[in-house]
Amino acid sequence: MDKYGLIGYPLHHSFSQNYFNEKFLSEKIDAEYVNFEISTIKEFPEIIKNNPNLKGLNVTIPYKEQVIQYLDELSENAKAIGAVNVVKFVRNKSKKKVKLIGYNSDVIGFQQSLEPLLEKHHKAALILGTGGASKAIRRGLENLGISYQFVCIEKTAYSIFYEDITPDMMQKYTVIVNCTPVGMFPNVNECLNIPYNLLTPNHLLYDLIYNPDESLFLAKGKEQGAKIKNGLEMLLLQAFASWEFWHK
């Protein structure tokens, strides 16, 4: 039986295991999908060694960047992003040697779910957060011809603080994407500190979080008439893309 799985920590919120096992059952595919909850990326080689039937992995927080050191090859998107969330296993006939190829399906899922919502005035975006997920969002925005500015709680060469967001910036950056876990269940009463009172119906708020369906970040945008979207469709689309990568 072929095996697929997910590495990350923690994994209690994971959608992938149920999604793929239901897919295998409904499509009569002789495979299983398992969670590998590892507390350090140093455990990754053990997973490879102990699972000779493993054909592919998804990678989630906090290992999207750390896993790259163990891979033999990266796709162009994964190279440009600097983060991987799909690993394809290419084994020789004896199954003793394995080549690991890294891809990023987050960028595909994000692009495909955001594009139908875009209007002519959506020319610039604020990316909230600078972790692995934000790098895929940056690449997706670049592919869609949208300029961007990172916002973070720590000062970097390419980001600003939340308190540095001005009224003029709010007028310019009409797409705002939350790439942080702030507001995710069970911390549903939390949201990032942006000037929500300056949001308008011209704004589009996109939250990678999908639990709850409507985060406080999105709810505050909705109150101001902004268009909102959670990360569920992105999640589904990146899962479709994962399957394509494993079988290309």
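The values are calculated or read from the model by the stated rules, or taken from the named source; none is laboratory data. Since we're looking at a predicted model, the values are computed, not measured. Cβ: placed from backbone, ideal geometry, glycine included. Neighbour counts: every protein chain shown.
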Restricting to segment 79-136, and then to whatever is hydroxyl-bearing (Ser, Thr, Tyr) and either free of Cβ contacts under 8 Å to residues at least 40 places away in the same chain or outside any helix (DSSP H, G or I) (or both), can you tell me which residue is nearest to Asn51 (Cα to Cα)? Ser94
Quick one: in segment 217-248, which of the residues that are touching a strand residue (DSSP E or B) at 6+ places or on another chain (Cβ under 7 Å) and either among the polar types (S, T, N, Q) or without any contact (Cβ under 8 Å) to a residue 24 or more places away in the chain (or both) is nearest to Leu117 (Cα to Cα)? Asn230
Inspect segment 134-155 for any residue being at pLDDT below 95 and either surrounded by fewer than 14 Cβ atoms within 10 Å (Cβ to Cβ) or outside the structural domain of Lys229 (by TED's automatic domain parsing) (or both) and give the result as yes or no. yes
When you check Asp168 against the structure, is it within 20 Å of the chain's Cα centre (by Cα), surrounded by fewer than 17 Cβ atoms within 10 Å (Cβ to Cβ), without any contact (Cβ under 8 Å) to a residue 24 or more places away in the chain and within 25 Å of Glu119 (Cβ to Cβ), yes or no? no
Filter segment 176-216 for residues that are touching a residue at least 40 places away in the same chain (Cβ under 8 Å) and assigned to a strand (DSSP E or B); the one that is farthest from Arg139 (Cα to Cα) is Leu204
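Got a sec? Which of Pro45, Pro52, Pro10 is in a helix (DSSP H, G or I) and exposed (fewer than 15 other Cβ atoms within 10 Å of the Cβ)?
After applying the criteria, what remains is Pro45.
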Taking segment 57-74, which residues are without any contact (Cβ under 8 Å) to a residue 60 or more places away in the chain and polar (S, T, N, Q)? Thr60, Gln66, Gln69
Ile61, sole failed condition from (1) crowded, with 17+ Cβ neighbours inside 10 Å; (2) modelled with pLDDT under 95: (1)
